[in-house]
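Novice: Starting off with a structure, shown below.
Each value in this text was obtained by applying a stated rule to the coordinates, not by laboratory testing. Owing to the predicted nature of the structure, the values given are computational and were not obtained by experimental measurement. Cβ placement follows ideal geometry from the backbone for every residue including glycine, while neighbour counts extend to all protein chains displayed.
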Amino acid sequence: MKKIVIAGNSGSTENYAEALTRLGASCTVTTDCRFAGDFDALLLPGGGDIDPVLFGESDHGSRKIEPGLDRKQLAMLDAFVRLSRPVLGICKGMQIINVYFGGGVIQDLPTNYAHQYDGRDQVHPSHAVPGSIFHQLYGADFNVNSAHHQGIGSPGRGLSVVQYAPDGVAEGIVHENLPVIGVQWHPERMCFAYRREDTPDGSLLLSHFLSLTVS
C-alpha cells in the first residue's frame, strides 16, 4: 500500500485523504519533516495564502496567511526533493512548490473574479501543452474547478507551466527532472463522491501521482 503524507492542518484535509484512500493509498496528516522518509510521496494541499516574505515581497493582496504552516510545508517539500520522491501540490500546494524553487506568486490576480471561490468552486476551461502529463490524461482542452485568487508568477528553477487558463493563469506545472507536479485546481473535488459532470475525473491525476511511487 502506498503511504502518502499530507502536509496540512488536521481537520482540513479529509477530501484529499478520502480520494487517495479510495485509490488504495494510506494517508497520514503531518507537517513534521522528521518523518518524511517513512512515506512514499507527499501531497501539499490547498489552503490560505503564502507569507509574501517567502517570495521576497510585502503584503499587497494576500489573505489568510499562515506563516508557520508555510515554513513547515516548505521544509517537508525540501525533504522529499532531497529524497527524489513524488510530490503533488494542489492549489496553494502548487504555489508552495513554485516558491520553493525560487518562483513568484501573484498576490491578487487581475482576473480573480474568474477563479476565486464564490460560495462554491468555479469552473473554467483550460489548455494543456501537447506531450504534458495533463494532455496525456485529459487531452488538449478540458474544464477544471477553481477556488483561488492568487496564482504563480515566474516559474521557479526547473519548473515548466504546461497547463493554462484562458486568461493565461498557470493551472499546471511539472519539474523537468524531479517527480514534482502542481495543479491550481482541485482533483480531489472532481472524483468519487464529488464527481461532477462539467469537469473530467480528477482521480486520473491522483492515480498518476500514486503511480510515480516506487514501492
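Novice: In whole angstrom, note down how far apart the Cα centers of segment 98-132 and segment 1-67 are.
Specialist: Their Cα centres are 18 Å away from one another.
Novice: With viscosity set to 1.567 mPa s at 4 °C, what whole-number translational diffusion coefficient in µm²/s follows for segment 90-173 from Stokes-Einstein and a Kirkwood radius over Cα pairs? Could the numbers behind the result be given before it?
Specialist: Details: Rh = 12.9 Å.
D = 100 µm²/s.
Novice: I need the helices of the chain that pass two filters: whole DSSP H segments spanning 30 Å or more by Cα along the axis, and mean Kyte-Doolittle score no lower than 1.6.
Specialist: Details: long enough: none.
Long hydrophobic helices here: none detected.
Novice: Next up: Over all directions, how big on average is the projection of the convex hull of the alpha-carbon atoms in the chain, in square nanometres? Don't jump to the answer; show the numbers that get you there.
Specialist: Numbers: hull surface 42.6 nm².
Hull-based average projected area comes out at 10.6 nm².
Novice: Report the label-to-label distance for residue 12 and residue 142 in nanometres (one decimal), using points 7 Å from each Cα along the Cα→Cβ vector.
Specialist: 2.8
Novice: Put a dot 7 Å past each Cα toward the Cβ at residue 75 and residue 177; how far apart are the dots in nm?
Specialist: Placing both labels 7 Å beyond Cα along the Cβ direction yields 2.6 nm.
Novice: Name the residue, out of 156, 61, 172, whose mean-square fluctuation peaks in a Gaussian network model built on the chain with Cα pairs under 10 Å.
Specialist: Greatest mean-square fluctuation among the candidates belongs to 61.
Novice: Moving to a separate point now. Ignoring everything except DSSP H segments at least 4 long, calculate the 222 nm mean residue ellipticity for the chain; use -39,500 (n - 2.57) per segment, divide by total residues, nearest 500.
Specialist: Numbers: 5 runs with 50 residues, N = 215.
Result for the chain: -7000 deg cm²/dmol, rounded to the nearest 500.
Novice: Mind ranking 164-171, 193-200 by how tightly packed they are, going by the mean number of other C-beta atoms within 10 angstrom, highest first? Kindly include the intermediate steps, with their values, before the conclusion.
Specialist: Values: 164-171: 18.4, 193-200: 13.8.
The most tightly packed comes first, giving 164-171, 193-200.
Novice: Under 17 Å Cα-Cα from residue 64, which lysines qualify once same-chain neighbours fewer than 8 residues away are excluded?
Specialist: 72, 92
Novice: Enumerate the amide H contacts of residue 124 below 5 Å, restricted to partners 5 or more residues apart or on another chain; note that Pro and chain-start residues carry no placed amide H.
Specialist: Under 5 Å from the amide H of residue 124: 144.
Novice: Using amide H atoms built 1.01 Å from N in the peptide plane, name the residues 5+ places from residue 184, or on other chains, whose amide H lies under 5 Å from its own.
Specialist: 91, 172
Novice: How far apart, in nm, are two points set 7 Å out from the Cα along the Cα-to-Cβ line at residue 66 and at residue 22?
Specialist: Label-label distance for residue 66 and residue 22, simple model: 2.3 nm.
Novice: Still on this structure, I have one more. For the modelled label position 7 Å from the Cα of residue 122 along Cα-to-Cβ, which residues of segment 142-168 have backbone nitrogen atoms closer than 13 Å?
Specialist: Output list for this probe position: 144-151, 165-168.
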